[in-house]
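The values are calculated or read from the model by the stated rules, or taken from the named source; none is laboratory data. None of these values were measured; they are calculated from a predicted model. Note that we place each Cβ from the backbone using ideal geometry, even for glycine, and neighbour counts take in every protein chain shown. What goes into the accessible areas is simple: the full protein's heavy atoms, side chains included, and nothing from ligands, DNA or RNA. Shrake-Rupley method; radii C 1.70, N 1.55, O 1.52, S 1.80 Å.
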Amino acid sequence: MEKITDNSYSAGTPQRILLTGGAGFIGSHTAVTLLERGYDVVLLDNFSNSSRDVPGRIERITGKPCPCEEADLLDVVATSAVFEKYAEAGGFSAVIHFAGFKAVGESVEKPVEYYGNNLTGTIHLIEAMRTHDVKRLIFSSSATVYRQDNPVPYSEDFPLGATNPYGWTKVMIERILTDTAAADPEWSVALLRYFNPIGAHESGLIGESPQGIPNNLLPYVAKVAVGELPEVRIFGDDYDTPDGTGVRDYIHVMDLAEGHLLAMEYCGEGMTGAFAWNLGTGVGTSVMEIIAAYGRACGKELPYSVQPRRAGDLASVYASTELAERELGFKAKRGIDEMCRDSWRWAQAKV
Ligand code: UD1
């Protein structure tokens, strides 16, 4: 008997995918990838950390409609209303759940807000999905769920743990979703553990827009390159790494978007249960190498100074990519120079 898959191009009518936090950095790039592959998308966003311009920009890039529902997952009625609105037109085939607070330092200062927002929002989403019989969920997790004493490269079966409330919300949501899938065999859940997503869409129309002074390296370097900040602060040059600066696994956001598509299709092919996959490149790059690569991208040497280590940082973090490659056929294609070039194009467009 022929295997029937419900992928959009094989089924005739496009599947509709709901993206919570869809106007944010990773959500917006994933929306582009889905639309380009023939899926319909609906974004759900409260715009607490994203811009109302984004859906229109996605439409400009793809030439396809990108409806966006302004709603907060904490609001049960509003969340449910989004599912009801689309129910008659066939509803959603899957949900990709990006919405959540994500600043590590802020989570230490406001733990209750972080647990309240990230966990409660997810539970409301699961309840709305259950009510509307949508049981395929792709979750934005993070490499931060791996306990700090794990050796590199990080493999999906390593022990989990976190060092801050933000990280714990990811560990806890993974648990909630795993238990949900165990209790109801119709659920299919992907837990995508991102390493360090950077870059931007090559059009320069969408990218990352952190509010205030960025905490993460790449947005900070971008602000130095455009002249908004005076110099890059390197947090420690005495780590046990080739040049003494911290090593991370940076992945282009468009490669990451592809990973979501592949995970969503895998989960739609009759695979039920909860699956964790790393989304990284498997390649480590140091802070010094990033500063040099960004300098090449923007055509000038970037000033920097060496500062003390940042509390909670590790010397070296990178992914084992073997499982995602074997099960999903996922392999990141873009290198550091392309990531910096696309980040620089977006940074300039914003000035
Ligand atoms: C951080 C979070 C992680 C979160 C991720 C989201 C911490 C400890 N970890 O990861 O939980 O999932 O962001 O993207 O906050 N660096 C500098 N100067 C800077 C900023 C960073 O030298 O101004 C260095 C850091 O020491 C590190 C590397 O750059 O070696 C990357 O830092 P960052 O971009 O903040 O990412 P992570 O710390 O890997």
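What to note about this one:
- The separation of the stretch 115-165 from the stretch 212-260, counted between C-alpha centres, amounts to 24 Å.
- Amide hydrogen proximity for Leu229: with H placed 1.01 Å from N in the peptide plane, the residues at 5 or more positions away or on another chain lying under 5 Å are Val224.
- Helix-only CD estimate at 222 nm, as mean residue ellipticity for the chain, using -39500 (n - 2.57) per DSSP H run (n ≥ 4): -12500 deg cm²/dmol
- Summarising the amide proton neighbourhood of Asn46: residues at separation of 5 or more, or on other chains, whose placed amide H is nearer than 5 Å comprise Gly21, Ala71.
- Under the criterion of Cα pairs below 8 Å and six or more residues apart, the relative contact order for the chain equals 18 percent.
- Pair Glu231, Glu84: separation of 7 Å Cα→Cβ label points (nm): 5.9 nm
- Restricting attention to the chain, close to 5% of DSSP beta bridges with both partner residues there are antiparallel.
- In the stretch 91-151, the inverse of the mean reciprocal separation of distinct Cα atoms equals 13.4 Å; this is its Kirkwood hydrodynamic radius.
- Note on Arg341: accessible area is roughly 110 Å² with a 1.4 Å probe, heavy atoms of protein only.
- Where trypsin sites (Lys or Arg not before Pro) fall in DSSP loop in the stretch 151-208, at most 12 other Cβ within 10 Å: none
- Cα extents of the stretch 204-277 along the three principal axes, largest first (Å): 52, 37, 18
- For Lys331 and Ser209, the FRET efficiency from 1/(1 + (r/R0)^6), where r spans their Cβ atoms and R0 equals 35 Å, is about 0.80.
- Whole-Hz ³J(HN,Hα) from phi, Karplus 6.51 cos²θ - 1.76 cosθ + 1.60, for the stretch 170-179, glycine and proline x: 5, 4, 5, 5, 4, 5, 4, 6, 5, 5
- Nonlocal amide H pairs with Leu160, under 5 Å, H built at 1.01 Å: Arg147
- 3J(HN,Hα) along the stretch 337-344, derived from phi through the Karplus expression 6.51 cos²θ - 1.76 cosθ + 1.60 where θ = phi - 60°, amounts to 5, 5, 4, 5, 4, 5, 5, 5 Hz, with x in place of Gly and Pro.
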